[in-house]
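Below: one structure, written as structure tokens.
The values are calculated or read from the model by the stated rules, or taken from the named source; none is laboratory data. The shown structure was predicted, so the numbers you read here are calculated from the model rather than taken from an experiment. Here the Cβ is made from the backbone with ideal geometry for all residues, glycine too, and neighbour counts use every protein chain on show.
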Amino acid sequence: MRDLILLFALVAIIPFIFKRPVVGALAYCLVSLMNPHRMTYGFAQTFPFAMILCVVTLVAIVLSREQKKLPLSPPVWMLLIFFSWMTLCTVFAQMPSAAWSDWDRFSKIMLMVIVTIMTVRTRKDAQALAFVVAISLGFWGFKSGLFVIFSGGGEGLLGPRASFISDNNTLALALVTITPLMVYLVTQVHTKWLKRGVLAIAALTALGAIGSYSRGALLGAFVMGFFLWLKSPYKARLGLVFMLVVPLVLLAMPEEWMGRMHTIQTYQEDASATGRINSWKFAVNIANEFMLGGGPNVFSPYMFMLYAPEPERYYDAHSIYFQILGELGYIGLVIFLVMFAVAWRTGSRVIRFCQGKKDLAWALMLARMCHVSMIGYLTAGAFLTLAYYDLIYYVIAILITLDKVLIRAPQKDDIPPLRHPLLDRLAQRFLGRPPAAQEGAPPGAPAGQTDAKLQTRVR
């Protein structure tokens with residue numbers, strides 16, 4: 001039944017993608033982050049939903065006549081430079097087959113992130129992007145928080161199978177990163193019960209991250225909580241909530257959880273922690289040996305036998321920084337860090353632009369929460385391997401689109417997009433919509449007569 005529902009949803013959304021390509025970009029984002037097909041039990045598990053959405057969206061972009069502008073802002077340039085450097089490192093990778101597999105996956109992510117930035121045209125589009133990103137992982141935050149409550153601690157917490165966030169550690173990093181965007185959603189709903197519902201999902205998401213038994217997520221959650229308090233306009237209320245809730249949550253956790261968190265202070269006695277240090281030294285050795293690094297997926301038993309201080313102790317990178325260092329070298333690590341620095345500056349630019357403007361309070365809050373999300377990712381990511389996870393690139397995309405629709409290329413939400421004549425005929429045939437030549441015509445005007453001022457603004 002779930003398989004058929006997803007298939008029906010895919011078929012139903014295709015006409016709307018041809019109407020507005022941004023719909024396809026948002027649908028792809030939801031499938032990529034939520035992985036709804038991983039919760040099915042039939043053909044949908046392996047059905048190429050993401051690929052079909054990607055192809056249909058690209059075709060719609062070619063046919064659509066609406067404005068498709070990629071702002072050449074610093075973070076966009078850094079995204080392109082980072083991907084180009086990764087491609088170069090893949091060409092000279094030490095493990096070519098494994099490296100191209102990772103490149104193929106990341107290239108699709110980067111393509112659709114760029115497509116999303118291009119197709120977001122108005123403020124409502126930017127708000128819709130933030131909503132889709134938040135709700136896609138808010139779903140897993142809701143499930144994870146309930147699991148922690150009913151399991152009495154959260155041990156055994158897992159994400160969608162065969163995805164970036166399939167284990168407890170990677171899922172925890174995703175939940176830490178998405179929690180600020182859930183807080184943003186709380187500020188954007190005004191119905192009492194809806195606000196309470198979104199607030200409950202945000203709280204469950206944070207609880208899921210803390211109860212995941214991930215030490216990196218715990219550190220990230222505390223650092224992010226501090227920055228969340230700094231960015232919040234309700235510091236007194238939020239500070240009181242933290243003072244009351246955090247001790248209660250920690251006291252409610254089982255002894256096993258407390259014991260695992262205690263190993264942060266006694267890492268020398270923990271096999272997992274010392275194994276990570278061995279992996280980090282391996283990354284340094286690889287970066288010292290190869291200017292381009294070892295290439296994507298270089299963390300392998302074979303390469304450990306050659307470059308690790310303790311060759312028989314194979315671990316993954318367990319750090320976005322050492323992952324990039326080992327795979328893309330020192331230059332790649334610098335590009336990676338600069339990418340986040342310029343994205344942060346773009347967010348700061350949006351914040352300065354929105355301050356004191358009541359109609360842009362939503363954008364001010366969203367930019368601040370994107371900053372907090374980046375802090376959570378960069379802190380928790382110091383101990384987890386998710387350098388190529390699409391969530392953080394969508395957070396950067398949100399900041400880029402805010403800069404685009406508010407400062408660089410603002411457009412009013414009520415201007416209808418221009419469409420290709422072929423799409424006009426398809427829309428008239430299947431959706432019952434009038435041709436574009438008749439849209440925006442004054443009441444009582446003959447067919448084909450349009451508002452000259454409207455057409456001038458569109459052009």
- Query: Which residue pairs have Cβ atoms under 7 Å apart, sit 6 or more places apart or on different chains, and have a first residue in the stretch 1-19 that is in the same structural domain as F43 (by TED's automatic domain parsing) and closer than 15 Å to T57 by Cβ and a second that is of a type in the set (S, T, Y) and modelled with pLDDT of 90 or more?
  - Reply: I17/T57
- Task: Taking the options G216, G275, G259, name whichever one is in a helix (DSSP H, G or I) and at pLDDT below 75.
- Result: G259
- Message: So in the stretch 339-354, with the set limited to residues that are surrounded by 18 or more Cβ atoms within 10 Å (Cβ to Cβ) and under 14 Å from M365 (Cβ atoms), which one is nearest to the chain's Cα centre (by Cα)?
- Response: G347
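Restricting to the stretch 368-380, what's the tally of residues that are of a type outside the set (V, I, T) and over 14 Å from the mean Cα position of the chain (by Cα)?
Of the residues in the stretch 368-380, 2 are of a type outside the set (V, I, T) and over 14 Å from the mean Cα position of the chain (by Cα).
Rundown of residues vs (1) in contact (Cβ under 8 Å) with a residue 60 or more places away in the chain; (2) over 26 Å from A217 (Cβ atoms), yes/no style:
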position: Y302; (1), (2): yes, yes
position: M305; (1), (2): no, yes
position: R313; (1), (2): no, no
position: D316; (1), (2): yes, no
position: Y321; (1), (2): yes, no
position: L325; (1), (2): no, no
position: Y330; (1), (2): no, yes
position: L333; (1), (2): no, no
position: L337; (1), (2): no, no
- Task: Could you check, for the stretch 295-317, whether at least one of its residues is closer than 21 Å to M224 by Cβ, in the same structural domain as I165 (by TED's automatic domain parsing) and not small (G, A, S)?
- Result: no
- Do the conditions hold for V133, that is, is it of a type in the set (A, V, I, L, M) and more than 18 Å from the chain's Cα centre (by Cα)? no
- Note on the structure: Residue set T122, T116; condition more than 23 Å from A387 (Cβ to Cβ) and either surrounded by fewer than 23 Cβ atoms within 10 Å (Cβ to Cβ) or touching a helix residue (DSSP H, G or I) at 6+ places or on another chain (Cβ under 6 Å) (or both); output residue T122
- Query: Hey, among A172, A200, which residue is more than 24 Å from L79 (Cβ to Cβ) and modelled with pLDDT of 90 or more?
  - Reply: A200
- Query: Residue check: is L33 farther than 20 Å from A134 by Cα and in a helix (DSSP H, G or I)?
  - Reply: no
- Message: Within the stretch 43-50, does at least one residue satisfy the condition of being modelled with pLDDT under 95, part of a helix (DSSP H, G or I) and within 30 Å of T346 (Cα to Cα)?
- Response: yes
- Find the residue count for the stretch 50-70, including only residues that are closer than 20 Å to D390 by Cα and surrounded by fewer than 20 Cβ atoms within 10 Å (Cβ to Cβ). 6
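From the list L399, L406, L360, L366, exactly one residue is over 26 Å from G138 (Cα atoms) and part of a helix (DSSP H, G or I). Which is it?
Being over 26 Å from G138 (Cα atoms) and part of a helix (DSSP H, G or I) holds for just one of L399, L406, L360, L366, which is L406.
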- Item | Which listed residue, of I117, I149, I165, I135, is in the same structural domain as L251 (by TED's automatic domain parsing), aliphatic (A, V, I, L, M) and over 19 Å from L30 (Cα atoms) | I149
